[in-house]
Amino acid sequence: MTDPSAADILREVMRLQDQVTDDRGEALHADQLSAAVRDGIRAAVSDPELWAAATAAIQKKAASEAGGWLFGGLRTIVSRIAWVCVIGMAVYLVGGWGALAALVKGSAHG
């Protein structure tokens with residue numbers, strides 16, 4: 001579903017205005033329309049399902065916009081950390097703390 005344009009919204013407001021005029025025999029005044037819009041906004045904002053849907057939509061959009069490079073970068077960092085741990089563990093198992101310390105010192109100076 002696409003977002004409505006300003007013209008679509010105005011057409012719907014005018015349709016509702018005409019419907020109210022037909023039902024009541026009189027047009028809504030600006031203050032009545034303003035109060036109705038204000039009450040509608042309050043009702044929408046206080047609806048927890050609206051906030052849950054908005055949060056889900058924002059998260060989905062953020063993931064699709066930033067997902068490729070952000071999550072790819074995080075995956076790369078986690079992968080490199082995992083390899084450092086694997087190499088460190090292998091050096092420790094083969095040569096103990098001394099070998100691990102020599103590896104860390106060597107990589108710090110290199």
Could you tell me whether the stretch 58-72 includes any residue that is at pLDDT 80 or above and aromatic (Phe, Trp, Tyr)? no
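Given the criteria modelled with pLDDT of 75 or more and surrounded by 10 or more Cβ atoms within 10 Å (Cβ to Cβ), does Val84 qualify?
Details: modelled with pLDDT of 75 or more: yes; surrounded by 10 or more Cβ atoms within 10 Å (Cβ to Cβ): yes.
Yes.
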Could you list, in sequence order, all residues of the stretch 10-49 that are of a type in the set (Gly, Ala, Ser) and either more than 31 Å from the chain's Cα centre (by Cα) or part of a helix (DSSP H, G or I) (or both)? Gly25, Ala27, Ala30, Ser34, Ala35, Ala36, Gly40, Ala43, Ala44
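The values are calculated or read from the model by the stated rules, or taken from the named source; none is laboratory data. Keep in mind the model is a prediction, meaning the values are calculated, not measured. As a convention, Cβ positions derive from the backbone with ideal geometry for all residues, glycine included, and neighbour counts pool all protein chains shown.
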